[in-house]
Amino acid sequence: MPKMRNPNSPYSRFKGLIELPWDHGLPVPDLPNIREWSDSERSQWRQWWEAPQAAMWDESFIPTVAAMLTYFGKILDGSANANHQMEFRHLATALGLTADGMKRLGWTFQSGGGDQ
């Protein structure tokens, strides 16, 4: 039987990770008044800002999340080109909304899952 991993080992890949709370309790910022937003975009905005990763964001992230939301809308309505899709993936990773992004930022979800 293999040895159990020790997360406290100095060589552990889990050492020093920031645990993100499932419910950070922070308010969802208003969408920027740069254009009319669809109901689905408003819903996605709320979902991203209520995600555990948003616990690490502040007001300075509002324009970045809004830009990502614009790309998201284009992807959904079929008007996105390859550059829009690439920028969406880049922003999602930079914001920690992908597994690779979370790994690069040193984030992990709090144990216990999102059903607390």
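Every read-out reported here was derived from the displayed coordinates using simple, explicitly stated rules and does not represent laboratory data. It should be emphasised that the depicted structure is a prediction, and the values quoted were computed from it without experimental measurement. Here the Cβ positions follow ideal geometry from the backbone for every residue, glycine too, while neighbour counts run over all protein chains shown.
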* Please list 86-93, 68-75 highest first by mean number of surrounding beta-carbon atoms within 10 Å per residue. => 68-75, 86-93
* To do: Take every Cα-Cα distance within segment 63-105, group them into 5 Å bins from 0 onward, and report for each bin the whole-number percent of pairs it holds.
  => 6, 27, 29, 21, 12, 4, 1
* Counting other C-beta atoms within 10 Å, which of 62, 34, 18 has the fewest, and how do the rest follow? -> 34, 18, 62
* Centre separation in Å (Cα based) which lies between segment 61-89 and segment 29-51 -> 13 Å
* Asked: Sorted by packing (mean other beta-carbon atoms within 10 Å per residue), highest first, where do 26-32, 95-101 land?
  -> 95-101, 26-32
* Structure fact -> Expected sort for 41, 59 with the fewest Cβ neighbours (10 Å cutoff) up front is 59, 41
* What nm distance separates the two modelled labels at residue 110 and residue 64, each placed 7 Å from Cα along Cα→Cβ? -> 2.3 nm
